């Protein structure tokens, strides 16, 4: 996906963070922030920090390990891992405004010595500061659904991992062929132009050279969670309008409801994937 194709989905993400911090009177440029201050705002995946903990378990992260966060967003996953496990995290993020916010939030949490987020496209890794490097592990939470060039993507991911290194993915996968309406919603609202089936996903990983694959279907948990998210956000509409304004609220309302409907339809599933480079 190009930056232009991704922009509509993530247009209001940074605005929401700054609005919430201003509402809490924590928006000063020199106001220190704790990881806990940001957890409701900077985890761009499902079920809060549970996936980050799960990633750390699969990657067997220890102090001093070098971890790559692919599609780092505003740096929530990277900061949490660095703060709790003492590792060093490098993040790659396509969208400039997310990357800029990641740097600011990381500075204000005092983690700039262990977390660095760079703007760039993982499909053009040779142009990134991480070109030629290898990491102890990498994580990609709700990112690959935006990238249809799976063979190219996974080839780069394989090259960036040390021998014996591990990876952890949370992502969508295809459970049944979508209708034309569902296909449009995936592409236009979720910036997801392509979904592999389980068999295709596993085949892509194996073809790229990964092994010891674990495929855990989390569709029931995610279906419940996205429904609750949509319902709760709409129930708090008046509060969100007061803090964020109508444009942001309408965008989030539409996005959350679209995702809830896609999971409820049975077309889209959720998966946790882990494996290793041997």
*Restricting attention to strands (runs of 3 or more DSSP E) lying wholly within the range 45-156, give those where 3 or more residues are over 17 Å from residue 171 (Cα atoms) and without any contact (Cβ under 8 Å) to a residue 40 or more places away in the chain.*
88-93, 115-119
*Within the bounds of the range 23-43, is there any residue that is under 23 Å from residue 193 (Cβ atoms) and either at pLDDT 95 or above or within 12 Å of the chain's Cα centre (by Cα) (or both)?*
no
*Looking at this structure, is residue 195 under 20 Å from the mean Cα position of the chain (by Cα) and assigned to a loop (DSSP other than H, G, I, E, B)?*
yes
*If you check residue 177 against the conditions, is it more than 20 Å from the chain's Cα centre (by Cα) and either within 20 Å of residue 77 (Cα to Cα) or surrounded by fewer than 19 Cβ atoms within 10 Å (Cβ to Cβ) (or both)?*
yes
*Does the range 241-252 contain any residue that is touching a helix residue (DSSP H, G or I) at 6+ places or on another chain (Cβ under 9 Å) and closer than 30 Å to residue 68 by Cα?*
yes
*Before we move on, is residue 205 surrounded by 14 or more Cβ atoms within 10 Å (Cβ to Cβ), in a helix (DSSP H, G or I) and in contact (Cβ under 8 Å) with a residue 24 or more places away in the chain?*
yes
*Lone qualifier among 7, 20 - being touching a residue at least 40 places away in the same chain (Cβ under 8 Å), farther than 24 Å from residue 239 by Cα and either in contact with a helix residue (DSSP H, G or I) (Cβ under 6 Å, 6 or more places away or on another chain) or outside any loop (DSSP other than H, G, I, E, B) (or both)*: 7
*Could you check how many residues of the range 56-69 are within 13 Å of residue 140 (Cα to Cα) and in contact with a helix residue (DSSP H, G or I) (Cβ under 7 Å, 6 or more places away or on another chain)?*
3
*Which of (1) part of a helix (DSSP H, G or I); (2) surrounded by fewer than 14 Cβ atoms within 10 Å (Cβ to Cβ) is the odd one out, the single condition residue 163 does not satisfy?*
(1)
*Restricting attention to the range 247-278, report how many residues are part of a helix (DSSP H, G or I) and surrounded by fewer than 17 Cβ atoms within 10 Å (Cβ to Cβ).*
6
*Just name the residue that is surrounded by the fewest Cβ atoms within 10 Å (Cβ to Cβ) out of those in the range 70-90 that are in contact with a helix residue (DSSP H, G or I) (Cβ under 7 Å, 6 or more places away or on another chain) and under 19 Å from residue 158 (Cα atoms).*
70
*Those residues of the range 33-44 which are assigned to a loop (DSSP other than H, G, I, E, B) and in contact with a helix residue (DSSP H, G or I) (Cβ under 6 Å, 6 or more places away or on another chain), in sequence order*: 33, 43
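Residues checked against (1) out of contact with any strand residue (DSSP E or B) (no Cβ under 9 Å at 6 or more places or on another chain); (2) under 29 Å from residue 61 (Cβ atoms); (3) surrounded by fewer than 18 Cβ atoms within 10 Å (Cβ to Cβ); (4) modelled with pLDDT under 95:
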residue	(1), (2), (3), (4)
149	yes, yes, yes, no
171	no, yes, no, no
187	yes, no, yes, no
211	no, yes, yes, no
217	no, yes, yes, no
245	yes, no, yes, no
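The values are calculated or read from the model by the stated rules, or taken from the named source; none is laboratory data. Model, not experiment: these values are computed from the prediction. Please note: Cβ atoms are built from the backbone with ideal geometry, for glycine as well, and neighbour counts cover all protein chains shown.
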